[in-house]
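Only one structure is covered here, and it is reproduced in the block below.
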Amino acid sequence: MAVLLCSDDFLKQKIVTKLSQCQYALPLLVPDLFTGDIECPLWTFRQIKKTWKKTETKEGLKVVTMKSMPICKAETPMVFCFRLGSLSGSKSQLINTLINDRHNTFFHRNCPGSTKSRLLFDGVVEIAWYCPAGRPSDTFTDCVAFCNLHGDGLTYDKQLKIMMDKSSVNVMRLKGQNK
């Protein structure tokens, strides 16, 4: 994150493209550490192309259609995940188990290199896409974007408002009370 924040536009696009090729989540909303302004570097996504197989049922038959396009032109539903308050379990790890069981797509507190303070990551919203392979074991039948706010949603109200307005589904995690 430190390298991305200090990069010029050309290097930012290269970093984001490489992250996508490695199937990692990409920075969608990035707060400026000094001004608090929010950057939305969508232009860095223009070289990213995703391929998936959409499965539909037509007249009782399963039809699989292959789609391939620049992700910035794909119209996909977006699921926004955030937390309110402090939680012991990792929301990012939970999302990872849903969209990719082979590796960590979203950075989380238990990743190598992570620190407790998460100074450079709190307030960042990451995005990753679930691209089905047309198999019966697919979790979803079409491409779905997942967005993840790092940190407490109560602290990052600008990002929370932007994402809640733009997403198809909002998933909130709250700390439960012990009785």
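The values are calculated or read from the model by the stated rules, or taken from the named source; none is laboratory data. These figures come from a predicted structure and were not determined experimentally. Cβ atoms come from the backbone with ideal geometry, glycine included; neighbour counts cover every protein chain shown. Side chains are part of the model used for accessible areas, which takes the heavy atoms of the whole protein and leaves out ligands, DNA and RNA. Shrake-Rupley method; radii C 1.70, N 1.55, O 1.52, S 1.80 Å.
Amide H neighbours of V171 under 5 Å, counting only residues 5+ apart in sequence or on other chains, H built in-plane at 1.01 Å?
F80, C81, F82
Output wanted: per-residue J couplings in Hz (rounded whole) for the stretch 143-154, from phi through Karplus 6.51 cos²θ - 1.76 cosθ + 1.60, θ = phi - 60°, x for Gly and Pro.
Couplings: 4, 9, 8, 10, 10, 9, 8, 8, x, 7, x, 5 Hz.
Apply the Karplus curve 6.51 cos²θ - 1.76 cosθ + 1.60, θ = phi - 60°, to the phi angles in the stretch 132-140 and return the couplings in whole Hz, x for Gly and Pro.
x, 9, x, 9, x, 7, 4, 6, 10
Taking the Cα centre of the chain as origin, sum charge times position over the Cβ atoms of Lys and Arg (+1) and Asp and Glu (-1), and report the length of that vector in debye to the nearest 20.
On the way: 25 positive and 16 negative charges, 108 e Å.
Using only the charged Cβ atoms, the result is roughly 520 debye.
Given the options Q159, T35, F45, identify the residue whose Cα lies farthest towards the positive end of the charge dipole of the chain (+1 on Cβ of Lys, Arg; -1 on Cβ of Asp, Glu).
Positive-most Cα among the choices belongs to F45.
Just the accessible area per residue of the chain, please: how many Å² with a 1.4 Å probe? Before the final figure, lay out the partial values.
Values: 10910 Å² over 179 residues.
Accessible surface, normalised per residue, equals 61 Å².
In the chain, what percent of the accessible surface is made up of carbon and sulfur (1.4 Å probe, ligands and nucleic acids excluded)?
Roughly 54 percent of what the probe reaches on the chain is carbon or sulfur.
Before anything else, pin down the relative contact order of the chain: Cα pairs under 8 Å, at least 6 apart, normalised by residue count, whole percent. List each step's numbers first, then the result.
Details: 301 pairs, mean separation 49.0, N = 179.
Relative contact order of the chain: 27 percent.
By per-residue mean of other Cβ atoms within 10 Å, what is the highest-first order of 142-149, 66-73? Display every interim value, and only then the final one.
Details: 142-149: 22.8, 66-73: 12.5.
With the highest mean Cβ count within 10 Å placed first, the list reads 142-149, 66-73.
Where Rh is the Kirkwood radius over the Cα pairs of the chain, the temperature 25 °C and the viscosity 0.890 mPa s, what D in µm²/s does Stokes-Einstein return?
Working: Rh = 17.3 Å.
Once the numbers are plugged in, D ends up at 141 µm²/s.
Counting other Cβ atoms within 10 Å, which chymotrypsin sites (Phe, Trp or Tyr not before Pro) in the stretch 14-59 have at most 10 and lie in a DSSP loop? Don't jump to the answer; show the numbers that get you there.
Numbers: sites: Y24, F34, W43, F45, W52; in loops: Y24, F34.
Those that pass, being in a loop and sparsely packed, are F34.
Restricting to bridges with both residues inside the chain, how much of the DSSP beta-bridge set is antiparallel, in percent to the nearest 5? Intermediate values should be presented prior to the final figure.
Details: 21 of 33 bridges.
If we restrict to bridges inside the chain, about 65 percent are antiparallel.
Which entries of K49/K166; K53/K73; K67/K91; K67/K166; K54/K161 have Cα-Cα distances beyond 26 Å here? It would help to have the intermediate numbers written out before the result.
On the way: K49/K166 22 Å; K53/K73 16 Å; K67/K91 30 Å; K67/K166 23 Å; K54/K161 31 Å.
Listed pairs above 26 Å: K67/K91; K54/K161.
Got a sec to turn the phi values of the stretch 47-58 into Karplus ³J(HN,Hα) couplings, 6.51 cos²θ - 1.76 cosθ + 1.60 with θ = phi - 60°, whole Hz, x for Gly and Pro?
8, 8, 10, 10, 10, 8, 10, 8, 10, 10, 10, 10
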